Amino acid sequence: MNPQIKKRLLRTALLSLAALAVGAVIAFAQIAAERNPSAAETPAVMKIAGADIGGPFTLEGTNEKTVTEKNFEGKFKLIYFGFTYCPAICPTELQKITKVLKRMEAEKPDLATRLQPLFITVDPERDTPQVVGEYVKLFHPRLIGLTGSPEQIETVKKSYRIFSAKVQQEGMNDYTVDHSSFIYLMDPENELAGIYRTEDNVDMIFDDVRKQMIAIDTP
Ligand code: NI
């Protein structure tokens, strides 16, 4: 087999495996919800308990200052991992986050102020604090872009179960980055409260975020 094709197949397989792992967690949560009818009333943080996605992080903000989860004390977070050179999926998912936030600001301003959108790069080599800072401005003024040292990015990727791999483009000096694509909703305790996939639309995400925020706020 052509080594290029072999490499591409291997990458596709790895990405599928990473998606399967998170997919299994979602499926498990859905099965748990069906078995327990009252689970519909319980926040997803309960349903996805044991998923072990998320946790504290230490990264670099657009002003080159250290940013940790403590900077967002008491806030829910919508977190997306990607890279600024991404041609299609990252912009689409960040557009969705922007639309969810705008709708929240219009319909539930009290919740909107407690919802912090974050974009974390998986390409710290090119996505410097300045590059990330300029990029997030294209979406929503409240979207915060985060980067860090390669070690910091590896650590946060691991705790949020994000797979990414640099891919050298044939005949070009540039590279692209294959990466898993999930929007995570984290609660103020940094526990996972929701996972949204590329096939989930703005209405679905908005409804679920609002539901989870209200459920977790009023136990
Ligand atoms: Ni992307």
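The values are calculated or read from the model by the stated rules, or taken from the named source; none is laboratory data. Everything quoted here is computed from the prediction, not taken from an experiment. All Cβ positions, glycine included, derive from the backbone under ideal geometry; neighbour counts span all protein chains shown. Heads up: the accessible areas ignore ligands, DNA and RNA and are worked out on the full protein's heavy atoms, side chains in. Shrake-Rupley method; radii C 1.70, N 1.55, O 1.52, S 1.80 Å.
The modelled label-to-label distance for the pair Glu154/Arg142, using points 7 Å beyond Cα in the direction of Cβ, is 3.5 nm.
Annotation: aspartates and glutamates with alpha-carbon distance below 15 angstrom to Lys108 (same-chain offsets under eight excluded): Asp203, Asp207, Asp208, Asp217. Carbon-plus-sulfur accessible fraction, the range 79-219 (probe radius 1.4 Å, protein heavy atoms only): 52%.
Ignoring ligands, DNA and RNA, what accessible area per residue does the range 72-134 give at 1.4 Å, in Å²?
Computed with neighbouring chains in place, this is 40 Å² per residue.
Here the range 77-219 carries DSSP beta bridges of which approximately 60% are antiparallel, counting only pairs with both residues inside. Using C-alpha pairs below 8 Å separated by at least 6 residues, the relative contact order for the range 153-194 is 25 percent.
With the cut-off at under 14 Å, measuring from each backbone N in the range 165-194 to a point 7 Å along the Cα-to-Cβ line of Lys211 picks out 193-194. Computed from the C-beta positions of Arg114 and Thr66, the FRET efficiency with R₀ = 22 Å rounds to 0.45.
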